[in-house]
Each structure stands twice: as structure tokens, then as C-alpha cells.
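The values are calculated or read from the model by the stated rules, or taken from the named source; none is laboratory data. These numbers were taken from a predicted model, which means no experiment stands behind them. Using ideal geometry, Cβ is built from the backbone for each residue, glycine included, and neighbour counts are taken over all protein chains shown.
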Amino acid sequence: MKTRSAKNSGIAQSWKDEQLRYWRETTDHYLKFGTTMQAGIICDEDIEGQSYEDNNRAILKRSGVRDGQVVLDAGCGVGGPGLCAALHFPALEVHGITLSPYQAGIAQKMITESPAAGRVHVQAGDYHKLPFPNRKFDCALFLESAGYSFQLEELFSEMARVLRDDGRVYIKDVFCRAGEMTVQEWKQIAAFRQIYVHHTPTMEVMAAALSATGFTVRSVLDLSSMVINKPREPEFGLPRFRPLPDLPVHWGEIVAIKTAT
Ligand SMILES: C[S@@+](CC[C@H](N)C(=O)[O-])C[C@H]1O[C@@H](n2cnc3c(N)ncnc32)[C@H](O)[C@@H]1O
């Protein structure tokens, strides 16, 4: 009979396999809209415009990233936001990790052609188990990526390992609404999770996982009123997508600081 941990690692592996398939199937479609693969654009009061460039600048400001820091871009896609950050801050070093080797290959090409080459690095890997030494990073960015994790406590324990004391985790994502749901809402969040291979926890669950793994949660903010949705899937023409008008989700932002050890 299988032990519980063998069973869990089997489930984790099948999630990963499904996510790899998802990104191989969709990455070229997302690229038609740019190298930032986010479904929501933050309209921060200090930043004019509604482009991905504006969104990335708003995130840099909100995350508190500063020039000269070493930043982990956890779940980096093809590296668009990381490159944008490195072009904005001339002494910033960015290390991106994406589950998808296909995305990492595209990122490598983009980095070679960028003036920020040498300061931005992307590799394929799993953000639950990073190929970096302890305390390497000042900040870990999760830009619409933490919600894919099926093991949040493992994920944030790994962040606690690779971040310096007082290092920061910044998360922008889509979250499941807390509280009661109608049957229709239950059906739609279940369909969303399956279509996007996305775990979609509530913000409360994600914040609790940070608190349980050595972080002080500084802020938990519903960002919905500041985010413009950019759904592009209808244009992909892929059978996996369908409209979900009663989806119980919202945009959110979590900032947490690693407690000194
Ligand atoms: C919606 S995309 C966002 C990409 C990027 N942050 C951006 O803003 O362009 C989600 C990303 O999370 C990554 N991801 C999901 N699960 C991951 C895991 N276990 N390890 C590393 N990356 C992961 C995917 O490979 C994908 O690149």
C-alpha cells in the first residue's frame, strides 16, 4: 500500500505535468500580447497609463524593490517583468524561475538581446525547490504565479530559506473569494481551477501559509478596484477556455517580511 507522502508526491507530480502541458499549449498565444503574462493590469494612482509597461512599473513601486538588490522572480514566465525591472534599475540583479522549459528558452533569447543581459537570468525549475543558496535574495516577486502552488507551506519555507533576514515577499494574484458560495459559483471555481491548472486559494489561506513559515504579513489588500482585467483567452481559439461569468474570485496583493532568524 502507498504511504501518504508517496501519494502526495504523486499528486504533486501530476499537477506539475498538467501545468507543463498548459504552458506549452498557451505560451505562444500569450506572447501575442507581450512578454508580461498577467491577466490583470494594476492602475496605481501615481502611474499613468494601462499598458503592461505601466503595470510593471506599478509593481516595482508597490513591491519596494530597490536598485542594487538581488531579486527572485518566482514563476517568471518568459521573463518580461524581470527584464523590465532590470532596465528600470541599472544595478538590479534578477533571477527568474519558471516551471516551463519552453518559457525559459524564450527568456534566454530575450535576455541575450537585452541591454540588461548579464543581470537577468532565467532557468527552468520548480519554485518549491530552488537551485539557490540560503539568503541569496532581498525580495521574491510572485506575479500571478503563487496561486499555482499546490503546496503553499513548502513554497514559503523555501522562500524563507533563500531570502535574507528582513527580505520581502510580494504577491499579486487572483484569489478565490472567502465565505459562502452558491452552487453555480462552486461549479465555476472548480472549472477555473481545472482549465488554468491553478490552485486559486483564498488570500486568508495564502497569508496563513506565510505566517506559518517565518514571515510577518505586512499587508493583505483586495486590489480589485485597481485592476483592469485583460482576458485574452477568447482570442486564442483553444477548446479549453470558456466564459465563467459567476466566478467567485478577486484580485489581491500580499506583502510579507521574513522574520529575522
Ligand atoms: C501567469 S504566468 C505569470 C508569469 C510572469 N510572472 C509574468 O508576470 O509574466 C505564471 C507563471 O508561473 C509559473 N509557475 C507555476 N508553477 C510553478 C512552479 N511550481 N515553479 C516555477 N514556476 C511556476 C509558470 O511556469 C508561469 O511562468
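Just one residue in the set Tyr102, Tyr170 is closer than 22 Å to Asp222 by Cα and either touching a residue at least 40 places away in the same chain (Cβ under 8 Å) or surrounded by fewer than 21 Cβ atoms within 10 Å (Cβ to Cβ) (or both); that residue is Tyr170. Taken together, Val183, Val169, Val197 contain a single residue that is modelled with pLDDT of 95 or more and under 23 Å from Cys139 (Cα atoms), which is Val169. Surrounded by fewer than 22 Cβ atoms within 10 Å (Cβ to Cβ) and either over 25 Å from Trp15 (Cα atoms) or modelled with pLDDT under 95 (or both), is that true of Pro115? Judged against the criteria, Pro115 is a match. Across the stretch 43-61, the qualifying residues are those that are among the polar types (S, T, N, Q) and surrounded by 20 or more Cβ atoms within 10 Å (Cβ to Cβ), and the one among them that is farthest from Ala85 (Cα to Cα) is Asn55. Against the list (1) farther than 16 Å from Gln103 by Cβ; (2) loosely packed, with under 13 Cβ neighbours inside 10 Å, the condition Lys32 fails is (1). Can you tell me which of Asp46, Asp54 is more than 22 Å from Thr200 (Cα to Cα), in contact with a Cys (Cβ under 9 Å, 6 or more places away or on another chain) and of a type in the set (D, E, K, R)? Just one listed residue meets the conditions, Asp54.
Within the option set Ala256, Ala190, Ala207, being without any contact (Cβ under 8 Å) to a residue 60 or more places away in the chain and surrounded by 13 or more Cβ atoms within 10 Å (Cβ to Cβ) holds for one residue only, Ala207.
Before we move on, is Ile59 of a type outside the set (S, T, N, Q), in a loop (DSSP other than H, G, I, E, B) and touching a Lys or Arg at 6+ places or on another chain (Cβ under 7 Å)? When the stated conditions are applied, Ile59 does not pass them. Can you tell me which residue within the stretch 62-74, out of those that are surrounded by fewer than 23 Cβ atoms within 10 Å (Cβ to Cβ) and under 17 Å from the mean Cα position of the chain (by Cα), is farthest from the ligand (Cβ to nearest atom)? Applying the filter and picking the extreme gives Gly64. Looking at the structure I just gave you, is Gly64 farther than 24 Å from Arg164 by Cα and small (Gly, Ala, Ser)? No. Taking the conditions exactly as written (free of Cβ contacts under 8 Å to residues at least 60 places away in the same chain, within 23 Å of Arg21 (Cβ to Cβ) and out of contact with any Pro (no Cβ under 6 Å at 6 or more places or on another chain)), does Pro231 satisfy them or not? No, not satisfied. Considering the stretch 158-168, the residues that are away from the ligand (no atom under 14 Å from the Cβ) and on the phi < 0 side of the Ramachandran plot include one that is nearest to the chain's Cα centre (by Cα), namely Arg168. None of Ile41, Ile47 is within 14 Å of the ligand (Cβ to nearest atom), among the hydrophobic types (A, V, I, L, M, F, W, C), within 20 Å of Leu223 (Cα to Cα) and touching a residue at least 12 places away in the same chain (Cβ under 8 Å) except Ile41. Just one residue in the set Glu144, Glu180 is of a type outside the set (Lys, Arg) and within 11 Å of the ligand (Cβ to nearest atom); that residue is Glu144.
Got at least one residue in the stretch 125-143 being among the hydroxyl-bearing types (Ser, Thr, Tyr) and buried (at least 20 other Cβ atoms within 10 Å of the Cβ)? Checked the stretch 125-143: at least one residue is among the hydroxyl-bearing types (Ser, Thr, Tyr) and buried (at least 20 other Cβ atoms within 10 Å of the Cβ).
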